[in-house]
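The values are calculated or read from the model by the stated rules, or taken from the named source; none is laboratory data. The structure displayed is predicted, hence computed values, not measured ones. FYI the Cβ positions are ideal-geometry reconstructions off the backbone, even for glycines, and counts take in every protein chain you see. Heavy atoms of the whole protein, side chains included, go into the accessibility calculation; ligands, DNA and RNA do not. Shrake-Rupley method; radii C 1.70, N 1.55, O 1.52, S 1.80 Å.
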Amino acid sequence: MPTSSQFAFFFYFLFISLSFTDGTQLIIVNNCKESIWPGLLATAGHPTPYGGGFHLHSGEEQVLQLPTNWSGRIWPRQGCCFDPKTDKGACQTGDCAGLLRCAGAGGKPPATVVEMTLGTPNSALHYYDVSLVDGFNVPVSMRPIGGGGRGCGVAACEADLNACCPAALAVERGGKVVACKSACLAASWSDRYCCRGEFASPQRCKPTVFNRLFKVVCPRAYSYAFDEPTGLHSCMAPRYVITFCPPILSSN
């Protein structure tokens, strides 16, 4: 006769199996003091929820049900103003062609980006990171709920990089720093800063002084193009929480 621990394992396995049947759930939370307009962009061949964007008031959350093997990116937009009749306007940071629903348009950098591949035809593993490769505008984290796997953990830039952004990288609006460029964005002509050309390999492309600053402040974020060892996470979880302006937690 099965033991209680065997029953517990069976029901846990059943729960995990059912959770993955319909894909993966994302819970997007706005913990900021101001409104955030999340932008969404699916990779080719995948559907984009909500047409690529929506509004979250401070304290609100939105649940997205994504299909198996979904892949794409999510980023925060702030300081937005849209015409309620046309859904057209502009955002102070992260703008996507002046649209509320980005409809296939990417966010204008600098912006903090959450990237994810939630399984592939050959693997059930989920890969995700919080990237500063395109710069920073709002603190963001992505953490799994349930599941497990090697490398499973929190991807995040929880600190406000705008508060310590070097003057050469700062983007100001109304006398306030609202975003911080990456080294590549600020020096787009530089193959070294952008890991292009002869620097397009982990052996040749090394973090710059600016990348090191980003990494010190946000050790769990992807700071430059070849930052996989500490920036990229893998997991198998039925749901994840993406939080804008998350509380600062221990890096352990």
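Collect the residues in the range 187-207 that are in contact (Cβ under 8 Å) with a residue 24 or more places away in the chain and closer than 12 Å to residue 133 by Cα, keeping them in residue-number order.
The answer is 194, 195.
Of all residues in the range 129-147, count the ones that are in a strand (DSSP E or B) and among the acidic types (Asp, Glu).
1
Name every residue in the range 207-225 that is modelled with pLDDT of 85 or more and in a loop (DSSP other than H, G, I, E, B), in order of residue number.
218, 219, 220, 221, 223
For the subset of the range 48-95 comprising residues that are hydroxyl-bearing (Ser, Thr, Tyr) and more than 16 Å from the chain's Cα centre (by Cα), which member is most open to solvent (accessible area, probe 1.4 Å)?
In the first step, residues of the range 48-95 are kept if they are hydroxyl-bearing (Ser, Thr, Tyr); the result is 48, 50, 58, 68, 71, 86, 93.
Now drop any that are not more than 16 Å from the chain's Cα centre (by Cα), which leaves 50, 58, 68, 86.
Working: 50: 107, 58: 64, 68: 80, 86: 76 Å².
Among those residues, the one meeting the criterion is 50.
Based on what the data block shows, is residue 221 touching a residue at least 12 places away in the same chain (Cβ under 8 Å), among the small types (Gly, Ala, Ser) and within 16 Å of residue 139 (Cβ to Cβ)?
On the way: touching a residue at least 12 places away in the same chain (Cβ under 8 Å): yes; among the small types (Gly, Ala, Ser): yes; within 16 Å of residue 139 (Cβ to Cβ): yes.
Spelling it out, residue 221 is indeed touching a residue at least 12 places away in the same chain (Cβ under 8 Å), among the small types (Gly, Ala, Ser) and within 16 Å of residue 139 (Cβ to Cβ).
Report yes if some residue within the range 20-34 is among the hydrophobic types (A, V, I, L, M, F, W, C) and modelled with pLDDT under 90; otherwise report no.
Yes, there is a match, as at least one residue in the range 20-34 is among the hydrophobic types (A, V, I, L, M, F, W, C) and modelled with pLDDT under 90.
Determine whether the range 159-171 contains at least one residue that is part of a loop (DSSP other than H, G, I, E, B), touching a residue at least 60 places away in the same chain (Cβ under 8 Å) and open to solvent by less than 70 Å² (accessible area, probe 1.4 Å).
Yes - at least one qualifying residue is present in the range 159-171.
I'd like the full set of residues that are small (Gly, Ala, Ser), closer than 29 Å to residue 80 by Cα and in contact with a Pro (Cβ under 8 Å, 6 or more places away or on another chain), limited to the range 99-156.
111, 135, 141, 156
Find the residue count for the range 105-128, including only residues that are part of a strand (DSSP E or B), of a type outside the set (A, V, I, L, M), touching a residue at least 12 places away in the same chain (Cβ under 8 Å) and open to solvent by 10 Å² or more (accessible area, probe 1.4 Å).
Of the residues in that region, 4 qualify.
Hey, can you tell me all the residues within the range 26-67 that are under 14 Å from residue 104 (Cα atoms) and not in a loop (DSSP other than H, G, I, E, B)?
39, 40, 41, 42, 49, 50, 51, 52, 53
For the range 183-240, give me each residue that is aromatic (Phe, Trp, Tyr), in contact with a Phe, Trp or Tyr (Cβ under 9 Å, 6 or more places away or on another chain) and open to solvent by less than 30 Å² (accessible area, probe 1.4 Å).
214, 240
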